[in-house]
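I have placed the structure first, in the form of structure tokens, so that the comments after it can refer back to it.
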Amino acid sequence: MTAQDEVVDICRDLIRIDTSNPGDHSGPGERQAAEYVAAKLSEAGLEPTVLESHPKRTSVVARIEGQDRTRPALLVHGHLDVVPANAEDWQYDPFSGEIADGCIWGRGAIDMKDMDAMMLAVVRQRLREQRKPARDVVLTFTADEEAGGTWGASFLVNKHPELFEGVTEAVGEVGGFSLTLAGQRLYLLQTAEKGMAWLRLTARGTAGHGSMVNPDNAVTELAEAIGRLGRHEWPVRLIPSVQAFLEGAAQALGTEFAPNDPGQLLSKIGSLSRIIGATLHNTVNPTVLRAGYKVNVVPQTATAEVDGRFLPGYEEEFLAELDRVLGPGVTREFIHHDIALETTPDGALYDAMTSALLAEDPDARVIPYCLSAGTDAKSFSRLGLRCFGFTPLRLSPDLDFSGMFHGIDERVPVEGLRFGTRVLDGFLSCC
């Protein structure tokens, strides 16, 4: 069986293993999926290391010997956990791995059990055929990425850095996927990602009877602050990775890139505008509100949770602007806080990703971009690694790729998955 054949079965198997991560250890955990991965690697002759940071929160690491062991090693990583899914909302059960309309359906099909399957299928075939990668490769399948990586990548970096000895570069999610503009396919390689500021906001006031006038109402104070924050227009800040994408997109569309009006292109790039638009500036989205316990009691405190994301190089500006918009009546604390990343679209590894894509799609072009979300690269970068997003997929122009992430009816095209398997195999030969 070739990797292109096996990748479909592996992807379906992984989707059928529920690894939903609600962020508080109440889910099934990644243990079963990690054991599946470890068994597949062991069958191929590797000796994987299985590590549990907390009961059921499990990651797997394995090292493959390369042709040139004098070169620094490469990390190839994917996460095993997924966000929860409500089966009633889906066309097909999100944990069935159903094949329909040319796609594999299920939670994790795009985010990111597709890449986990590609990694396993390609490595298994290469080991069967005794084809070594160009250099040592460390495969890592992590827990907890969907909740910030504390019990996965961060745990590995903090407690087991020896597993990554000699590693200087890494590839993971989200990049290497196609975007069709004006009939031309562009493949987007992730060279940057925004930082994370998940925050809890608190307003404090005077408790009292709901029938009385209360000018010191914590709910009112918080609600007004959240309203200001949710409607705030953040200033545009064009980082190099975003500008490079916009210039490449403008060229494909046959139009001029206007640095003073970068948003003009958003309406022309389809659903991906949701990701790209969020990388033009810092963002904050209110997501959770809590206050009170009885209708006729004014509570003493009110809290909200918000998802803040800041661009590389703009964290201080982001926090200062956030505090200004919130005002003095609301305090903040971090629920989760992590760095933003950006590297340059150059070097031997970038060239290897580019050549592997173009070998399978020679008429395409490759351009960099910035991810609006975050990945395990944040943790691995603390080891000094240069990190890229590279999960190769050829997608049909009508697939709402950005809508697959954390959305209902998540699915990956079978042929796109097989394409990615060929690209990943080629990449490991020249990485």
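The values are calculated or read from the model by the stated rules, or taken from the named source; none is laboratory data. What you see is a predicted model, and the numbers here were worked out from it, not measured in a lab. All Cβ positions, glycine included, derive from the backbone under ideal geometry; neighbour counts span all protein chains shown. Surface accessibility is based on the protein's heavy atoms, side chains included, excluding ligands, DNA and RNA. Shrake-Rupley method; radii C 1.70, N 1.55, O 1.52, S 1.80 Å.
So here's what we get for this one:
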{"quantity": "Normalised contact order of region 272-311, rounded percent, pairs of Cα under 8 Å and 6 or more residues apart", "calculated": "46"}
{"quantity": "Solvent-accessible heavy-atom area per residue, rounded to whole Å², over region 351-427 at 1.4 Å", "calculated": "33"}
{"quantity": "Accessible area of region 331-417 belonging to carbon and sulfur atoms, whole % at 1.4 Å probe", "calculated": "52"}
{"quantity": "In Å², nearest 10: area of Ile275 left accessible to a 1.4 Å probe", "calculated": "20"}
{"quantity": "Per residue value of the accessible surface for region 255-334 (all protein chains in place, 1.4 Å probe), Å²", "calculated": "53"}
{"quantity": "Cys387, Cys11, ranked by accessible area, largest first (probe 1.4 Å)", "calculated": "Cys387, Cys11"}
{"quantity": "Cα-based helix-to-principal-axis angle, 348-360 vs the chain, degrees rounded to 10", "calculated": "70"}
{"quantity": "Solvent accessible area, Å² - Thr375, 1.4 Å probe, full protein context", "calculated": "10"}
{"quantity": "Electrostatic dipole magnitude of region 94-209 [Cβ: Lys, Arg +1; Asp, Glu -1; Cα centre; debye, to 20]", "calculated": "80"}
{"quantity": "Over the chain: Kirkwood hydrodynamic radius from C-alpha pairwise inverse distances, Å", "calculated": "22.7"}
{"quantity": "Percent accessible area from carbon and sulfur atoms, region 23-176, protein chains only, probe 1.4 Å", "calculated": "45"}
{"quantity": "Net dipole in debye of region 226-326 [+1 Lys, Arg Cβ; -1 Asp, Glu Cβ; about Cα centre; nearest 20]", "calculated": "500"}
{"quantity": "Choice from Trp151, Trp90, Trp198 showing the highest fluctuation, given a GNM over the chain with Cα pairs closer than 10 Å", "calculated": "Trp90"}
{"quantity": "Helix 218-231 axis, angle to the chain major axis (alpha carbon atoms, nearest 10°)", "calculated": "50"}
{"quantity": "Theoretical FRET efficiency, 1/(1+(r/R0)^6), r = Cβ-Cβ of Asp398 and Asp351, R0 35 Å, to 0.05", "calculated": "0.65"}
{"quantity": "Rounded FRET efficiency, nearest 0.05, which uses the C-beta distance separating Glu43 from Thr301 and R0 of 56 Å", "calculated": "0.55"}
{"quantity": "Leading residue at positive end of dipole, the chain (Cβ point charges), from Cys431, Ala359, His336", "calculated": "His336"}
{"quantity": "Rounded to the nearest 20 debye, dipole of the chain from Cβ charges on Lys, Arg, Asp, Glu", "calculated": "420"}
{"quantity": "The chain: angle of helix 240-253 to the longest principal axis, Cα-based, in degrees nearest 10", "calculated": "70"}
{"quantity": "Counted charge near Arg290, where neighbours are those whose Cβ lies closer than 13 Å (Asp, Glu -1; Lys, Arg +1)", "calculated": "0"}
{"quantity": "Three semi-axes of the equivalent ellipsoid, region 276-378, Cα gyration tensor, whole Å, largest first", "calculated": "42, 15, 11"}
{"quantity": "Region 335-388: C-alpha gyration tensor shape, a/c 1.5 cut-off, then a/b vs b/c", "calculated": "prolate"}
{"quantity": "Within region 334-352, backbone nitrogen closer than 17 Å to the virtual label 7 Å beyond the Cα of Arg365 toward Cβ", "calculated": "345-346"}
{"quantity": "Accessible-area composition of region 255-298, carbon plus sulfur, in percent [1.4 Å probe]", "calculated": "53"}
{"quantity": "For region 148-300: rounded, prolate or oblate by the Cα gyration tensor [a/c cutoff 1.5]", "calculated": "oblate"}
{"quantity": "Order of exposure, largest accessible area first, which applies to Lys40, Lys113 with probe 1.4 Å", "calculated": "Lys40, Lys113"}
{"quantity": "Value at 222 nm in deg cm²/dmol, rounded to 500, when DSSP H runs of n ≥ 4 in the chain each add -39,500 (n - 2.57)", "calculated": "-9500 deg cm²/dmol"}
{"quantity": "Residue of Ala258, Ala192, Ala147 that the Gaussian network model of the chain assigns the largest fluctuation, springs spanning Cα pairs under 10 Å", "calculated": "Ala258"}
{"quantity": "Surrounding net charge for Glu415, when Lys and Arg each add one and Asp and Glu each subtract one, Cβ distance under 11 Å", "calculated": "+3"}
{"quantity": "In sequence order, calculated HN-Hα J values of region 364-369 (Karplus, 6.51, -1.76, 1.60; Hz; x Gly/Pro)", "calculated": "8, 10, 10, 9, x, 7"}
